[in-house]
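What follows is one structure encoded as structure tokens, with my remarks underneath.
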Amino acid sequence: MSVLIVDGANVVGSVPDGWWRDRRGAAERLRDRLAERDPAGGGEIEGIGPVEEIVLVVEGAARGVESVPGVRVDPAPGSGDDRIVELAAAYAERGCVVVTADRELRERVRAQGARCVGPRTVRPVG
């Protein structure tokens with residue numbers, strides 16, 4: 001079992017669906033989509049495996065999005081990338097998977113022992 005850490009800004013920005021007009025609403029829709037995969041219900045996510053916790057990291061205009069059952073929303077006090085690296089380090093012993101397409105962030109979290117997958121794992125296109 002692992003912790004799934006989702007780079008909210010990167011995943012939301014992976015599909016040009018007008019998210020920039022309502023960043024908070026886009027983050028809430030992503031949160032709700034993730035909650036449908038609630039790990040408490042025996043959560044296994046295709047391409048990731050068993051997940052015991054989902055953490056959605058948000059920043060900027062998306063701060064203020066509330067947690068829901070199955071998804072803990074973590075508002076980054078500054079850089080979302082820096083917060084994701086902190087979380088990857090904190091969850092290193094439990095195992096963690098980071099969802100992002102950001103190459104620099106992928107390198108940083110891999111240095112903490114995290115595995116990385118792309119946004120399509122949790123947000124299919126189309």
Rough spin-label spacing in nm, given labels placed 7 Å along Cα→Cβ, for D32 and E107: 3.8 nm
Fraction of antiparallel bridges per DSSP, the chain only, in percent to nearest 5: 15 percent
Surface accessible to a 1.4 Å probe, per residue, for the residues of the chain, Å²: 51 Å²
Which labelled figure in (i) 38, 31, 26; (ii) 74, 25, 22; (iii) 32, 30, 26 is Cα extents along the principal axes in Å, once derived from the coordinates: (i)
Accessible surface of the chain, 1.4 Å probe, proportion on carbon and sulfur as whole %: 46 percent
For R63, residues with placed amide H under 5 Å, excluding near neighbours: none
Placed amide H near V6: partners under 5 Å, 5+ positions off or other chain: V55, L56, V57, V99
Fluctuation leader among S67, S14, S79 - the chain, Gaussian network, Cα springs under 10 angstrom: S79
Contact order normalised by residue count of the chain, Cα under 8 Å, 6+ apart, percent: 30 percent
3J(HN,Hα) from dihedral phi, region 47-55, Karplus parametrisation 6.51/-1.76/1.60, rounded to Hz, x for glycine, proline: x, 10, x, x, 10, 9, 7, 10, 10
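The values are calculated or read from the model by the stated rules, or taken from the named source; none is laboratory data. Quick caveat: nothing in here was measured; it's all calculated off a predicted structure. FYI the Cβ positions are ideal-geometry reconstructions off the backbone, even for glycines, and counts take in every protein chain you see. Please note that ligands, DNA and RNA were not included when accessible areas were found on the heavy atoms of the full protein model with its side chains. Shrake-Rupley method; radii C 1.70, N 1.55, O 1.52, S 1.80 Å.
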